[in-house]
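Below: one structure, written as structure tokens.
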Amino acid sequence: MLMKDVRKLHKQIQRCYAINRRAQHPVQFYVTSLGGQLKQSMDEKDKGWVNWKDISFETEHYSEVLAKEELVYLTSDSPNVLEELDLKKVYVIGGLVDHNHHKGISFERAKERGIDHAQLPLNSFVKMNSRKVLAVNHVFEIILVYLEKGSWEEAFFTILPQRKGAVAVDKDDAATPEKGEDSDLEPATNTAEQTEEKLKYSCNRH
């Protein structure tokens, strides 16, 4: 990533950390593969990150930190739709801000490593007047609200930015997942600037 995009990712991590600390059902939050430009940004802009609590920072890749059989990579290119969260699994949110230049890379990485993968059931509940592209922190927040409310629909409509014009899908005409559309799990170009308004990351409930 370009450094400006790395800084956007840094802001999204800050948001995830803050909301997890306040959440009714916090998750065990990992930031893995920490190094390079991301660590540089955190050291320069947020020196207090080394004192953050209830979060695990790892320099190793997530596949070296967590058991392969526990992992589920979240990517909208996956044909598998996540109906509910399995509390025995660890869900991976790819930390990529790429302006959609590397479409499908998360799905390909998951397949290459033989890791289970799935997409959020966004198309079953939501129609939007913009691309179905969510920032890392939006995916993270949706998971937290789902753990609290037990409802994907409520989670989506609580978290999705108003500018996306989200409306409920007619239950008799629910959209089916389509391969090749914009990823709903890869950070959008401008979402980082909006985070104040409202891993590789892995998360699992305490």
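The values are calculated or read from the model by the stated rules, or taken from the named source; none is laboratory data. None of the values given here were measured: they were computed from a predicted structure. Note that we place each Cβ from the backbone using ideal geometry, even for glycine, and neighbour counts take in every protein chain shown. Each accessible area value is taken on the protein alone, full model and side chains, heavy atoms only, with ligands, DNA and RNA left out. Shrake-Rupley method; radii C 1.70, N 1.55, O 1.52, S 1.80 Å.
Suppose we look only past 17 Å in the calculated P(r) of segment 24-64. What percent of the Cα-Cα pairs does that tail hold? Write down the numbers at each step before the final one.
On the way: 295 of 820 pairs.
Of all Cα-Cα distances in segment 24-64, 36 percent exceed 17 Å.
Apply the Karplus parameterisation 6.51 cos²θ - 1.76 cosθ + 1.60, with θ equal to phi minus 60°, to every residue of segment 87-93 and state each ³J(HN,Hα) to the nearest whole Hz, in sequence, with x for glycine and proline.
5, 8, 9, 10, 9, 9, 10
Quick one: which residues, 5 or more positions from residue 117 or on another chain, have an amide H under 5 Å from its amide H? H modelled 1.01 Å from N in the peptide plane, none for Pro or chain starts.
Here the answer is 73, since their amide H atoms fall under 5 Å of that of residue 117.
Expressed as cubic angstrom per residue, what is the convex hull volume of the alpha carbon set of segment 3-168?
On the way: hull volume 20.3 nm³, N = 166.
Convex hull volume per residue, Cα atoms: 122 Å³.
Please list 3J(HN,Hα) in residue order for segment 59-66, calculated via the Karplus relation 6.51 cos²θ - 1.76 cosθ + 1.60 where θ = phi - 60°; whole Hz, with x for glycine and proline.
Along segment 59-66, the couplings run 7, 7, 5, 4, 5, 9, 9, 10 Hz.
Sort 72, 65 by accessible area with a 1.4 Å probe, largest first.
Working: 72 15, 65 45 Å².
Descending order: 65, 72.
Label-point separation (nm) for residue 28 and residue 61, each offset 7 Å from Cα along Cα-to-Cβ?
Inter-label distance under the simple model: 2.2 nm.
Compute the distance in nm between two label points, each set 7 Å from the Cα along the Cα-to-Cβ direction, one at residue 45 and one at residue 88.
With each label placed 7 Å out from Cα toward Cβ, I get 4.0 nm.
Could you give me the ³J(HN,Hα) list for segment 107-124, computed from phi with Karplus coefficients 6.51, -1.76, 1.60 and θ = phi - 60°, whole Hz, x at Gly and Pro?
Values per residue, Gly and Pro as x: 5, 5, 5, 4, 5, 4, 8, x, 9, 4, 9, 6, 10, 5, x, 4, 5, 7 Hz.
Here is the link list: 8/111; 11/45; 4/45; 11/47. Which ones come out longer than 19 Å on Cα distance? Before the final figure, lay out each step's value.
Working: 8/111 27 Å; 11/45 10 Å; 4/45 13 Å; 11/47 13 Å.
The pairs that break the limit, which is 19 Å between Cα atoms, are 8/111.
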